[in-house]
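Quick note: the coordinates plus some simple rules give every number you see, no bench work behind them. The structure presented is a predicted model; accordingly, all values stated were derived computationally and were not measured. Every residue, glycine as well, gets a Cβ built from its backbone with ideal geometry; the counts of neighbours run over all protein chains shown.
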There are 2 protein chains.
Amino acid sequence: MTDLTMIRAAAARLAGHARVTPLLHAPLLDAVAGRRILLKAECLQLTGSFKFRGGWSAISALDPATRAKGVLAYSSGNHAQGVALAAARHGGPAVILMPSDAPAVKVANTRTYGAEVILYDRETEDRDALGAKLTAERGLTLIRPFDDPQVIAGQGTAGLEIAEQARAAGVTEATVITCCGGGGLSAGIALALEAEAPGMTVRTAEPEGFDDVARSLRAGRIERNAKATGSICDAILTPSPGVLTFPILNRLCGPGLVVSDDQALRAMALAFTHLRIVLEPGGAVALAAALFSPDLPDTVICTASGGNVDPDTFRVALDQYLTR
Amino acid sequence: MTDLTMIRAAAARLAGHARVTPLLHAPLLDAVAGRRILLKAECLQLTGSFKFRGGWSAISALDPATRAKGVLAYSSGNHAQGVALAAARHGGPAVILMPSDAPAVKVANTRTYGAEVILYDRETEDRDALGAKLTAERGLTLIRPFDDPQVIAGQGTAGLEIAEQARAAGVTEATVITCCGGGGLSAGIALALEAEAPGMTVRTAEPEGFDDVARSLRAGRIERNAKATGSICDAILTPSPGVLTFPILNRLCGPGLVVSDDQALRAMALAFTHLRIVLEPGGAVALAAALFSPDLPDTVICTASGGNVDPDTFRVALDQYLTR
């Protein structure tokens with residue numbers, strides 16, 4: 001089970017390989033929010049999201065012989081990119097299983113990172129069976145997107161940085177809002193802050209209609225979303241918190257916050273204007289919650305967990321929330 | 001005259017106040033460029049450009065009694081914002097003289113930073129005379145945008161950071177390309193690198209038709225632009241290099257690089273996609289030069305000097321260079 005020792009060990013393995021992302025703030029953003037907002041800019045992480053941390057942590061923790069055989073990830077998104085680059089920089093192979101209808105640019109990018117992309121037909125092929133066949137035949141190691149102790153430890157390194165950077169800014173008490181899908185980032189950060197910044201409490205942020213974590217935290221047991229699609233926050237539409245992540249979230253986090261797609265878009269527009277960073281909708285929900293939720297304290301820290309947004313979605317944010 | 005000692009002293013005054021901006025890179029951007037590009041992301045600096053460094057350096061170097069009387073800047077752009085916030089954080093007044101036809105949002109933002117904005121009519125009033133009257137009446141100190149030794153020293157702190165961050169990344173030899181208007185940033189960085197990274201050489205980047213620095217470097221004397229407007233790179237359309245900056249540029253920099261507005265827009269689109277940062281056109285010319293100039297070495301460092309772009313201009317970059 002992930003603990004502070006594992007997170008610190010992951011941080012040592014990531015040092016010099018993952019980027020220490022800045023904790024940004026902007027006076028004009030604070031003026032809009034009516035509170036002080038510090039933003040952990042993981043959109044500036046290698047591959048454009050915090051997922052590189054978890055990928056690096058898991059791959060670097062493998063014994064060299066296992067690593068040399070290669071790793072496998074299922075994803076057309078941020079986790080795939082993070083695993084692909086982390087594997088390539090370790091000099092080992094990565095196989096990414098992607099649906100054949102994934103955007104061509106994502107397939108091309110994953111290949112440019114050095115991964116072998118294997119496409120499967122969502123209608124006629126079983127992804128898990130295909131993955132199991134590949135791992136058996138080639139001796140690949142599956143890197144899960146969040147329910148893996150070393151992945152959680154890797155994401156937790158962002159929490160160690162938040163604690164240190166906030167302390168340097170004179171902040172030791174704050175609500176920390178995390179963009180939450182399966183809960184790997186939220187759990188990792190919560191574990192890190194429990195030890196390193198006990199004056200901070202973690203609250204998760206999710207899109208409306210996909211608030212499985214908020215409901216699970218209220219119920220004290222894992223709840224699932226009713227649907228799998230229907231929000232622009234595609235990066236965090238996970239069906240439920242993980243078996244490994246939920247006990248950590250349940251012990252350390254809550255209550256969960258929920259934002260609308262429009263609030264996520266407005267947060268993207270404000271981040272564009274005042275922080276000059278590019279956020280994807282799922283990476284903007286924590287900022288949206290920090291901006292638009294009632295009853296928050298004077299200082300809020302939030303994760304900006306990813307910036308891999310397609311231009312059309314970004315145009316919507318600019319068109320709706322910035323005057324022409 | 002600015003020298004390394006002054007730059008180091010400015011860095012000590014800026015520590016904990018200005019942001020140490022990251023030196024970003026992206027494997028997919030390198031694949032597009034065909035070379036390794038490291039990018040000093042000053043768009044992430046407070047107020048969205050490197051100008052905060054120079055403003056802070058100049059204001060912090062004033063004796064307290066002078067500072068308490070206040071500072072004055074002429075500008076509707078990045079220099080005004082940098083001076084306004086630097087003055088406010090020193091607890092002293094700032095007066096910003098802006099043309100009455102400046103965009104309302106810029107006036108409002110400058111006021112939100114805490115400055116007193118005085119508007120003047122470009123047609124009927126003489127800015128310099130008005131400024132002289134204000135400085136005399138109120139005892140204000142004029143902070144020039146580039147031709148001031150302490151401003152150059154402040155911008156040079158970005159050069160100290162480049163040297164250290166590049167060294168940490170294993171890079172000691174590179175061409176360093178700077179976005180160049182009046183030459184404050186370029187001169188400051190060149191002085192810092194002369195001492196701290198002697199394997200690096202600085203080349204300036206400018207928009208086509210506004211290549212006063214490139215021509216001045218070729219001629220060995222200050223040349224002026226034929227026109228004052230006509231490029232989207234508004235932040236760097238200075239008529240000529242400065243009396244203080246040019247001798248430094250002439251000794252340490254060159255040859256100057258020139259890019260088209262379309263190349264600047266394309267660099268903005270690539271920075272959006274691969275680095276998840278927002279650049280303004282004038283802040284993207286160094287990246288454009290790094291991407292599109294012939295005969296560059298395998299490793300290029302460039303400044304991304306500002307990100308205060310209006311949404312319409314940003315939309316043009318997305319629309320022209322990213323497929324819908």
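Which residue, A:Ala41, A:Ala264, A:Ala33, has the most motion in a Gaussian network model of chain A that connects Cα atoms within less than 10 Å?
Between A:Ala41, A:Ala264, A:Ala33, it is A:Ala33 that shows the largest mean-square fluctuation.
In terms of the Cα gyration tensor, with a ≥ b ≥ c the square roots of its eigenvalues, is region B:167-324 rounded because a/c is under 1.5, prolate because a/b exceeds b/c, or oblate?
Oblate, since a/c reaches 1.5 and b/c is not below a/b.
Please report the equivalent ellipsoid semi-axes of region A:115-219, computed as sqrt(5 x eigenvalue) of the Cα gyration tensor, largest first, in whole Å.
Details: eigenvalues 240, 65, 23 Å².
Over the Cα atoms of region A:115-219, the ellipsoid semi-axes are 35, 18, 11 Å.
Give the Cα extents of region B:100-156 along the principal axes, in whole Å, largest first.
34, 26, 21
Residues with amide H under 5 Å of A:Ile118's amide H, sequence separation 5 or more or different chain, H placed in the peptide plane at 1.01 Å from N; which?
A:Ile96, A:Leu97, A:Met98
Going by Cα centres, region A:136-163 and region A:1-75 are how many Å apart?
Cα centres, region A:136-163 to region A:1-75: 10 Å.
Taking neighbour counts of Cβ atoms within 10 Å as a proxy for exposure, in what order, fewest first, do B:Ile152, A:Ile162 appear?
Lowest count first: A:Ile162, B:Ile152.
One decimal, nm, shortest first: give the distances between the label point of A:Asp126 and those of the same position in the other copies, each label point 7 Å from Cα along Cα→Cβ.
8.7
Hey, which of these cross-link pairs are over 29 Å Cα-Cα: A:Lys51/A:Lys133; A:Lys40/B:Lys51; A:Lys40/A:Lys69; A:Lys69/A:Lys227; A:Lys69/B:Lys40; A:Lys106/A:Lys227?
Result: A:Lys40/A:Lys69; A:Lys69/A:Lys227; A:Lys69/B:Lys40 exceed 29 Å.
Just the number, please: percent antiparallel of the DSSP beta bridges in chain B, rounded to the nearest 5.
Counting DSSP beta bridges with both partners in chain B, the antiparallel share is about 10 percent.
Can you run phi through the Karplus equation (6.51, -1.76, 1.60; θ = phi - 60°) for region B:103-111 and list ³J(HN,Hα) in whole Hz, with x for Gly and Pro?
x, 4, 5, 5, 4, 4, 4, 5, 5
Can you give me the long-range amide H partners of A:Cys302? Hydrogens built in the peptide plane at 1.01 Å from N, cutoff under 5 Å, separation of 5 or more residues or another chain.
Residues meeting the criterion, in which the H sits 1.01 Å from N, are A:Leu38, A:Leu39, A:Lys40, A:Ile177.
Relative contact order for region B:52-142: what percent, with Cα pairs under 8 Å and sequence separation of 6 or more?
This gives 31 percent for region B:52-142.
Mind grabbing the base-10 log of I(q)/I(0) for region B:1-127 at q = 0.19, 0.20 Å⁻¹? Debye formula, identical points on the C-alpha positions, no solvent, two decimal places.
Ignoring solvent entirely, the Cα scatterers give -1.02, -1.08.
What area, in nm² and to one decimal, does the C-alpha convex hull of region A:52-142 cast on average over all directions?
Computed as one quarter of the Cα hull surface, the answer is 5.2 nm².
Using the Karplus curve 6.51 cos²θ - 1.76 cosθ + 1.60 with θ = phi - 60°, work out ³J(HN,Hα) for each residue of region B:135-151 in order, rounded to whole Hz, and write x for Gly and Pro.
Whole-Hz 3J(HN,Hα) from phi for region B:135-151: 5, 5, 5, 9, x, 6, 9, 6, 9, 6, x, 8, 8, 8, x, 6, 5.
Could you list A:Asp298, A:Asp63 so that the one with the fewest beta carbons within 10 Å of its beta carbon is first and the one with the most is last?
A:Asp63, A:Asp298
Give the calculated FRET efficiency between B:Lys69 and A:Ala15 to the nearest 0.05, with a Förster radius of 45 Å applied to their Cβ-Cβ distance.
Numbers: r = 47 Å, r/R0 = 1.05.
Computed FRET efficiency for B:Lys69 and A:Ala15 comes out at 0.45.
Run the helix sum for the protein assembly as shown: -39,500 (n - 2.57) per DSSP H stretch of 4+ residues, divided by residue count, reported at 222 nm to the nearest 500 deg cm²/dmol.
One gets -14000 deg cm²/dmol as the mean residue ellipticity at 222 nm.
Using the number of other C-beta atoms within 10 angstrom as an exposure proxy, rank A:Leu14, A:Leu252 with the fewest first.
A:Leu252, A:Leu14
According to the square roots a ≥ b ≥ c of the eigenvalues of the Cα gyration tensor, what is the shape class of region B:1-53, taking rounded for a/c under 1.5, prolate for a/b larger than b/c otherwise, and oblate for the remainder?
prolate
GNM on chain A, C-alpha springs below 10 Å: top fluctuator among A:Asp101, A:Asp147, A:Asp212?
A:Asp101
Of the trypsin sites (Lys or Arg not before Pro) in region A:98-131, which ones lie in a loop per DSSP and count no more than 15 other C-beta atoms within 10 Å? Could you put the intermediate results ahead of the total?
On the way: sites: A:Lys106, A:Arg111, A:Arg122, A:Arg127; in loops: A:Arg122.
Sparse-neighbourhood loop trypsin sites (Lys or Arg not before Pro): A:Arg122.
If you line up the Cα atoms of chain B on their principal axes, what length do they span on each, largest first, in Å?
Principal extents (largest minus smallest coordinate, Cα): 56, 45, 39 Å.
Semi-axes of the equivalent ellipsoid of the protein assembly as shown: what are they in whole Å, largest first, if each equals the square root of 5 times a C-alpha gyration tensor eigenvalue? Intermediate values should be presented prior to the final figure.
On the way: eigenvalues 368, 149, 97 Å².
So the equivalent ellipsoid measures 43, 27, 22 Å along its semi-axes.
Which cross-chain or sequence-distant (5 or more) residues have an amide H under 5 Å from the amide H of A:Leu257, H modelled 1.01 Å from N in plane?
Long-range HN contacts for A:Leu257: A:Thr204, A:Ala205, A:Glu206.
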